Amino acid sequence: MAPRKRAASTTRRSSASKSAKTSKPAIGKDIAEFNKDEELEVYREMLLIRRFEEKAGQLYGMGFIGGFCHLYIGQEAVVTGIQMALKDGDQMITGYRDHGHMLAMGMTARGVMAELTGRQSGYSRGKGGSMHMFSREKNFYGGHGIVGSQVSIGTGLGFANRYRDDGRVSVAFFGDGAANQGQVYESFNMAELWRLPIVYVVENNRYAMGTAVSRASAQTNFSERGTSFNIPGYQVDGMDVRAVKAAAERALAFARDGNGPIILEMLTYRYRGHSMSDPAKYRSKDEVQKMRSEHDPIEQVKTRLLENKWATDAELKAIDKEVRDIVADSAEYAQTEPEPDPSELYTDILL
């Protein structure tokens, strides 16, 4: 059943929307111009994500974090650039590589780390762990362990936004592996049919678990996955936070203006294995090192700050120390907080 509140305007917007989609905006080619404050902001935010993930990896190795743990190291520019383009009330949802998204949405390092270690002060009261965190206050709707499931839920958020006519846009992140799931295409169909305000972000880090994209996908240009549904898509340099922000601003405006869904394929790269149990032997060390040395998103910002004389080495080291202190505090907090009371086993259960 289509959303009733907007049904009356569907015909009125139909021709305009069709025209807008025919003249596709040149998304993905622009580079946002950052001033000094913005460069420092993204440097700090991406550095916080990286240092947090490095610490999470250490705690996992020490046994403080159990279950699955998927690190976001290398992909920091994607969520940081998109978050900069969001407006108040816009929602974000993603899969299980989610810690960076939580931090970008303003969830505290203490709360995220406490959930990772299964403590009662975590965002899911210690019951969700790495893959299942949630904060309605921050409009972050998870953290989902089932591959591709977040795409359907994110589409539902877009449905609610259109039904309420609240001007909000839902942003659903998923990986190149999840892009092959059937529910993704069911979601695409409904989103375009009902012109839902949603941006689909494919974080293409080249390897779905341990299989290269070229070996697992017949169509390796994921920005074209919505073609049969008339959904426009664009490839973006996901290692450059400026390119991400520029693309996100135009995509969000496109969806917010009633044109329906849009796909952004972020060409990015993860430095670590798929999860903490993955030795990543399916790629060479030289390949990883080449990406680190030539395309690292944080080093790009650092270089610009130094070249523009917007920061000195000493000032950047001070930011790094500040970030490390925040992460160290979160780790200490997470190891000393109590575990959930056994009574929590019987809460949050739908009967």
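Throughout, read-outs are computed from the coordinates displayed, never taken from laboratory work. Predicted, not measured: the structure shown is a model, and the values here were computed from it. Cβ atoms come from the backbone with ideal geometry, glycine included; neighbour counts cover every protein chain shown.
Would you mind checking which residues have amide H under 5 Å from V171's amide H? H placed 1.01 Å from N; only 5 or more apart, or other chain.
Q91, M92, I93, V199
Relative to the longest principal axis of the C-alpha atoms of the chain, give the angle of the C-alpha long axis of helix 285-295, reported between 0 and 90° and rounded to the nearest 10°.
Once rounded, the angle reads 70 degrees.
Read phi for every residue in region 273-280 and hand back ³J(HN,Hα) as whole Hz from Karplus 6.51 cos²θ - 1.76 cosθ + 1.60, θ = phi - 60°, with x for Gly and Pro.
x, 4, 9, 5, 8, 9, x, 6
With charges only on Cβ, +1 for K and R and -1 for D and E, what is the dipole size of the chain about its Cα centre, in debye, rounded to 20?
In debye, rounded to 20, the chain gives about 1260.
Is region 40-327 best put as rounded, prolate or oblate by its Cα gyration tensor, with a ≥ b ≥ c the root eigenvalues, rounded for a/c under 1.5, and otherwise prolate when a/b is larger than b/c, oblate when not?
Because its axes are fairly even, with a/c under 1.5, region 40-327 counts as rounded.
Could you sort 129-135, 288-294 so that the peptide with the highest average Cβ count within 10 Å comes first and the rest follow in order?
Result, highest mean Cβ count within 10 Å first: 129-135, 288-294.
Quickly rank 169-180, 249-260 as a protection proxy: mean count of other C-beta atoms within 10 Å, highest first.
Per-residue Cβ counts within 10 Å, averaged per peptide and sorted highest first, yield 169-180, 249-260.
If you plug each phi of region 77-89 into the Karplus form 6.51 cos²θ - 1.76 cosθ + 1.60 with θ = phi - 60°, what whole-Hz ³J(HN,Hα) values come out, in order, with x for Gly and Pro?
5, 5, 6, 5, x, 5, 4, 5, 8, 5, 10, 3, x
Return the sequence-ordered ³J(HN,Hα) values of region 298-314 in whole Hz as given by the Karplus equation 6.51 cos²θ - 1.76 cosθ + 1.60 applied to θ = phi - 60°, using x for Gly and Pro.
6, 5, 4, 5, 4, 4, 5, 4, 6, 5, 7, 6, 8, 7, 9, 4, 5
Ignoring everything except DSSP H segments at least 4 long, calculate the 222 nm mean residue ellipticity for the chain; use -39,500 (n - 2.57) per segment, divide by total residues, nearest 500.
Value at 222 nm, helices only: -14500 deg cm²/dmol.
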